[in-house]
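Notes follow the structure.
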Amino acid sequence: MPVPSGTAYVVKSPPENGLCTPQLADELRKILERFAADSGFNGRNPLALFFRPGIFGHHKVGRAVDIYAVGGTGMDTWKKHWDKAMENRPQPMEGQTSAAIRAQERSRNLGWRLYKALQSYGHWAQPYGYPIQLFGPWTRSEGPWRFISDRLLYAHRDHIHVAK
Ligand SMILES: [Zn+2]
């Protein structure tokens, strides 16, 4: 089944882009609703999400989805905003200005916020001997699998992959 739209968020991609098992769709629906509401969206002004179909691994059996855009902006662009904000912080001391820049970016970067919401609220699959199935542009700095290879990180530079 496709990941359904909720009250505070709306799926803008074609339904076939986010096809998955009912368990995954249900888990995502709850987290996305909570995330969208927490981020100030509602029925009159819902948060837009965009999925694209995946090919490998859990995608083959409908146990994974790939989120490419949130709030009308691609995940790769959110990551660029994030990197730029972090680069511009005064170094090397984490002073007041630096902390303020970080706090501001954390509050407005919907890509990073979505990744953290999925990390905090989701119960993602962890096949025996493998890392938790949540990957995206922030995996190396935010986890859960900080040892992600360059190749795998590059493959997830423009989307968030979640599986259950
Ligand atoms: Zn994927």
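What follows draws every value from the coordinates through simple rules; no lab data is involved. Every value quoted in this text rests on a predicted model; they were computed, and no experiment measured them. Cβ: placed from backbone, ideal geometry, glycine included. Neighbour counts: every protein chain shown.
Percent relative contact order of the chain, based on C-alpha pairs within less than 8 angstrom and at least six residues apart?
In percent, rounded to a whole number, it is 22.
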Which residue, chosen from T73, F56, Q119, occupies the Cα position most advanced towards the positive end of the dipole of the range 1-151, where the dipole is computed from +1 (Lys, Arg) and -1 (Asp, Glu) charges on Cβ about the Cα centre?
T73
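If you place +1 on the Cβ of every Lys and Arg, -1 on the Cβ of every Asp and Glu, and leave all else neutral, what size is the dipole of the range 15-136 about its Cα centre, to the nearest 20 Debye? Please report the intermediate quantities before stating the final value.
Numbers: 16 positive and 11 negative charges, 29 e Å.
The calculated dipole for the range 15-136 is roughly 140 debye.
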Quickly rank 105-116, 78-89, 141-152, 29-40 as a protection proxy: mean count of other C-beta atoms within 10 Å, highest first.
105-116, 29-40, 78-89, 141-152
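Over the range 7-52, calculate the relative contact order: mean separation of alpha carbon pairs under 8 Å at least 6 apart, over the residue count, as a percent. Before the final figure, lay out the partial values.
On the way: 47 pairs, mean separation 32.6, N = 46.
That works out to 71 percent.
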In Å, the Kirkwood hydrodynamic radius from C-alpha pairs for the range 26-77 sits at 12.3
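Counting only DSSP beta bridges with both residues in the chain, tell me the antiparallel percent, nearest 5. Walk me through the numbers on the way to the answer.
Details: 13 of 16 bridges.
Percentage antiparallel, nearest 5: 80.
What per residue convex hull volume, in Å³, do the alpha-carbon atoms of the range 59-109 yield? Please list the in-between numbers first.
Working: hull volume 5.4 nm³, N = 51.
Measuring per residue, one finds 106 Å³ for the Cα hull of the range 59-109.
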Over all directions, what mean area does the Cα convex hull of the chain project, stated in square nanometres?
9.8
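Take the residue pairs K79/K116; K116/K164; K60/K80 and return only those whose Cα atoms are more than 19 Å apart.
Numbers: K79/K116 13 Å; K116/K164 17 Å; K60/K80 30 Å.
Long pairs (Cα-Cα over 19 Å): K60/K80.
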